Amino acid sequence: GMFEEDFILYMTTKLGNPKLTPEIMGKTSVINYTVNMNGLTQQILNEVVKHENPDDEAMRGKLISDTNDNMKTLKDLGAKLLKSLAESKGSLLKNTELITTLKNSKQRSIQIEKDVAEGKIKKEKLEEARQDYFPVAKRGALLFFTLQKLSAISEMYEYSLSSYMEVFKKALSDSQKDDVVKTRIKI
């Protein structure tokens, strides 16, 4: 028989964990879009910190990005060094290009390791400050899951996560400001 190669069938279910046979699981891509408490708490924590301390959240994002870049650079340096070693002909001690590459790689590696260590310390301090807002994020996640349960009463009470997040962000903006973090968290 003939079939269309570009044909894709999408199926959705409200079942939390559909029981599919190994044969079906092997031939399909199952994507779980359900939200769990920990994931939502972290997502809301990101929003709260971004709202309350945008500079800290931007710095945290930059630190994560820089650390990833540094780790990639270290990996690339190692690969370049191994390639140079593999391609070197004759005595390694007489290969000035290889010795220069080794020296530069070592200096660069030392600098990157220093940057990574400093970044780790900064990230830990930012993470500690973020945790002050954890109770707000936890409450926000609990409220979402409570709202989700209301749909059992009537379909009228179904809420999407994106609409909930808009309401949550508005509540952050509209709530009374306070310079004392503990007081602000209570508000």
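The values are calculated or read from the model by the stated rules, or taken from the named source; none is laboratory data. What you are looking at is a predicted structure, and each value in this text was computed from that prediction instead of being measured. So basically every Cβ, Gly included, is an ideal-geometry build from the backbone, and we count neighbours across all protein chains shown. Note: areas computed on protein heavy atoms with side chains; ligands, DNA, RNA excluded. Shrake-Rupley method; radii C 1.70, N 1.55, O 1.52, S 1.80 Å.
Take the conditions assigned to a loop (DSSP other than H, G, I, E, B) and either modelled with pLDDT under 85 or over 30 Å from Glu128 (Cβ atoms) (or both) and apply them to Met25. Does it pass? Quick ask: steps written out before the conclusion?
Numbers: assigned to a loop (DSSP other than H, G, I, E, B): no; either modelled with pLDDT under 85 or over 30 Å from Glu128 (Cβ atoms) (or both): yes.
It is false that Met25 is assigned to a loop (DSSP other than H, G, I, E, B) and either modelled with pLDDT under 85 or over 30 Å from Glu128 (Cβ atoms) (or both).
Could you tell me which of the residues Ala117, Ala129, Ala137 is of a type outside the set (Phe, Trp, Tyr) and over 27 Å from Val181 (Cβ atoms)? Before the answer, list the steps.
Details: Ala129 fails: over 27 Å from Val181 (Cβ atoms); Ala137 fails: over 27 Å from Val181 (Cβ atoms).
Exactly one of Ala117, Ala129, Ala137 is of a type outside the set (Phe, Trp, Tyr) and over 27 Å from Val181 (Cβ atoms), namely Ala117.
Filter segment 48-66 for residues that are of a type outside the set (A, V, I, L, M, F, W, C) and within 13 Å of the chain's Cα centre (by Cα); which is nearest to Glu124 (Cα to Cα)? Full working, then the answer.
Step one: list which residues in segment 48-66 are of a type outside the set (A, V, I, L, M, F, W, C), which gives 50-57, 60-62, 65-66.
Imposing the further condition that a residue be within 13 Å of the chain's Cα centre (by Cα) reduces the set to 57, 60-62, 65.
Working: Glu57: 13, Arg60: 10, Gly61: 13, Lys62: 14, Ser65: 15 Å.
Going through the qualifying residues, I end up with Arg60.
Please go through segment 144-161 and give me each residue that is open to solvent by 90 Å² or more (accessible area, probe 1.4 Å) and either under 26 Å from Glu52 (Cβ atoms) or of a type in the set (A, V, I, L, M) (or both), ordered by number. If you could, list the steps in order and put the result at the bottom.
So in segment 144-161, the residues open to solvent by 90 Å² or more (accessible area, probe 1.4 Å) come out as 149, 152-153, 155-156, 158-159.
Once the filter is applied, which keeps residues that are open to solvent by 90 Å² or more (accessible area, probe 1.4 Å) and either under 26 Å from Glu52 (Cβ atoms) or of a type in the set (A, V, I, L, M) (or both), segment 144-161 yields Ala152, Ile153, Met156, Tyr159.
Leu98 passes all but one of (1) of a type in the set (A, V, I, L, M, F, W, C); (2) open to solvent by 40 Å² or more (accessible area, probe 1.4 Å); (3) outside any loop (DSSP other than H, G, I, E, B); (4) at pLDDT below 80; which number fails?
If we test Leu98 against (1) of a type in the set (A, V, I, L, M, F, W, C); (2) open to solvent by 40 Å² or more (accessible area, probe 1.4 Å); (3) outside any loop (DSSP other than H, G, I, E, B); (4) at pLDDT below 80, just (2) comes out false.
Looking at the structure I just gave you, is Val49 within 30 Å of Glu128 (Cα to Cα), open to solvent by less than 100 Å² (accessible area, probe 1.4 Å) and at pLDDT below 85?
Values: within 30 Å of Glu128 (Cα to Cα): yes; open to solvent by less than 100 Å² (accessible area, probe 1.4 Å): yes; at pLDDT below 85: no.
No.
Only one of Lys125, Lys89, Lys106, Lys83 is over 30 Å from Lys14 (Cβ atoms), within 26 Å of the chain's Cα centre (by Cα) and open to solvent by 80 Å² or more (accessible area, probe 1.4 Å). Can you tell me which? It would help to see each step written out before you state the result.
Values: Lys89 fails: within 26 Å of the chain's Cα centre (by Cα); Lys106 fails: within 26 Å of the chain's Cα centre (by Cα); Lys83 fails: within 26 Å of the chain's Cα centre (by Cα).
Checking each option against the conditions leaves just Lys125.
Look through Lys103, Lys114, Lys123, Lys80 and report the one residue that is closer than 30 Å to Asn36 by Cβ, in a helix (DSSP H, G or I) and among the charged types (D, E, K, R). Please lay out each step first, then the result.
On the way: Lys103 fails: closer than 30 Å to Asn36 by Cβ; Lys114 fails: closer than 30 Å to Asn36 by Cβ; Lys80 fails: closer than 30 Å to Asn36 by Cβ.
Matching residue, one of Lys103, Lys114, Lys123, Lys80: Lys123.
Yes or no: Leu63 of a type in the set (A, V, I, L, M, F, W, C), part of a helix (DSSP H, G or I) and open to solvent by 60 Å² or more (accessible area, probe 1.4 Å)? Can you show your working first?
On the way: of a type in the set (A, V, I, L, M, F, W, C): yes; part of a helix (DSSP H, G or I): yes; open to solvent by 60 Å² or more (accessible area, probe 1.4 Å): no.
Spelling it out, it is not the case that Leu63 is of a type in the set (A, V, I, L, M, F, W, C), part of a helix (DSSP H, G or I) and open to solvent by 60 Å² or more (accessible area, probe 1.4 Å).
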